[in-house]
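The values are calculated or read from the model by the stated rules, or taken from the named source; none is laboratory data. All values derive from a computational prediction rather than experimental measurement. Positions of Cβ are generated from backbone atoms using ideal geometry, with glycine treated the same way; all protein chains shown enter the neighbour counts. These accessible areas exclude ligands, DNA and RNA; they are computed on the full protein's heavy atoms, side chains included. Shrake-Rupley method; radii C 1.70, N 1.55, O 1.52, S 1.80 Å.
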Amino acid sequence: EVQLVESGGVLVQAGGSLRLSCAASEFTFDDYAIGWFRQAPGKEREGVSCISSSDGSTYYADSVKGRFTISSDNAKNTVYLQMNSLKPEDTAVYYCAAGIAAQAMAVSPLGGDFEYTMDYWGKGTLVTVSS
């Protein structure tokens, strides 16, 4: 069964950095798009970043652009989210998700329909940014 497991979420002070990892089992990232989503307390889930493993293209939400970087190691079936200059508003449970790249990239990247192109979801890892 395909599984995605996030790790790396911890408590960090504002201005600090973290790197989240998303590891896949029984699955390869080739030809898939991998997205990072987050849900803050009392807020709706939002797309943060995504990468198309087929061509390596990356996308970022305006709120994190310039601070976060997504990358992948396809040989290890792992995607990373490097988060720098963290802000309290970045506090959320972060989820990774995977979908077929051709379908995921057919919609507006990180738009409202993007999450519905994801077929597999991890259980999330909590990132807490203190002020």
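Within the stretch 46-74, residues that are within 14 Å of MET118 (Cβ to Cβ) reach partners that are β-branched (Val, Ile, Thr) and not in a strand (DSSP E or B) with beta carbons closer than 9 Å, at six or more positions or on different chains, in the pairs VAL48/VAL64; SER49/VAL64; SER53/THR28. Quick check, is GLU115 open to solvent by less than 50 Å² (accessible area, probe 1.4 Å), touching a residue at least 40 places away in the same chain (Cβ under 8 Å), of a type in the set (D, E, K, R) and not in a loop (DSSP other than H, G, I, E, B)? Here the answer is yes, as GLU115 does meet what is asked.
Of the residues making up the stretch 42-53, those that are touching a strand residue (DSSP E or B) at 6+ places or on another chain (Cβ under 8 Å) and not β-branched (Val, Ile, Thr) are LYS43, ARG45, GLU46, GLY47, SER49, CYS50, SER52, SER53.
Just one of (1) small (Gly, Ala, Ser); (2) open to solvent by 10 Å² or more (accessible area, probe 1.4 Å); (3) over 13 Å from LEU20 (Cβ atoms) fails for GLY124. It is (3). For the structure I just gave you, tell me whether LYS65 is among the basic types (Lys, Arg) and modelled with pLDDT under 95. So LYS65 does not fit the description; no.
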